[in-house]
Amino acid sequence: MTVTGQDTDTVRALRALEDERSSVRLRATLAIGSAPDPRYVGALVERCAVEPDFLVRDMLTWALTRHPVSLTLPALLGEVRSERLQARSQALHTLSKIGDGRAWPAITRAVLCDADDEVARSAWRAAVVLVPEDGMPELAAVLATQLGRGGRETQLSLSRALVGLGEAMVPPVHTATTAPEPRVRAHALATQQLLRDPDTGFESAIEEAKRVVALGGPGREGQ
């Protein structure tokens, strides 16, 4: 960490971001967010990539949202292309909280289909926030290719993202209900149920969808 030319308070705050105690890092991040200063942006973004504590990471995101978008956006977009998984995931999460549509071009198909589930989930959430209205059908089509992926948390994140696109999700998810893989069909059916009834719990929706598939529901036509 370079501290040359910085005043004592700034140096102290930057060092506190790297303290071994999470409580110290949390207080430092809160203080920085409460008194935004452009000198902190780079350190906040860098800390997002390595911070192990969830509460501190969440506070880092909050602190970044307190700074001018003209400073945070370029730094975060650079992190979306990082080789570090947490850097990508946290940058996407922060972009979703900032909600500036200029970040949308960075949400590419490769980002949406990232091999890491945490990165992909962050990308899905960011995409739904950032997508322009005319981009919703294409986004829904890409997201539908991920149906059946991962465990319950990942599947729930994807279903919520698709439901967040409203009617744009209907055609690609309907197509997925006849996919060859039972896991994909069940996830698609559960997502349809969540769109029809948002109060439906995902667990019950997915279990009912699996039952339908097992009994020869969607996907068996013509087999």
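Brief remarks follow.
- Dipole in debye (nearest 20) - the chain, about Cα centre, beta carbon charges: Lys, Arg +1; Asp, Glu -1: 140 debye
- Value of [θ]222 nm, deg cm²/dmol, for the chain, DSSP H segments ≥ 4, -39500 (n - 2.57) each, nearest 500: -19500 deg cm²/dmol
- In region 143-223, the alpha-carbon atoms span a convex hull of 78 Å³ per residue.
- Relative contact order (%) - region 23-93, alpha-carbon pairs under 8 angstrom, separation at least six: 36 percent
- Once both labels are positioned 7 Å from their Cα atoms along Cα-to-Cβ, the gap between Asp100 and Asp116 label points is 2.3 nm.
- 33 Å tail of the calculated P(r), the chain, as % of Cα pairs: 28 percent
- Region 86-191 shape via C-alpha gyration tensor axes, a/c threshold 1.5: oblate
No value in this document is a laboratory result; all are computed from the given coordinates. Every value quoted in this text rests on a predicted model; they were computed, and no experiment measured them. Virtual Cβ from ideal backbone geometry, glycine too; neighbours counted across all protein chains shown.
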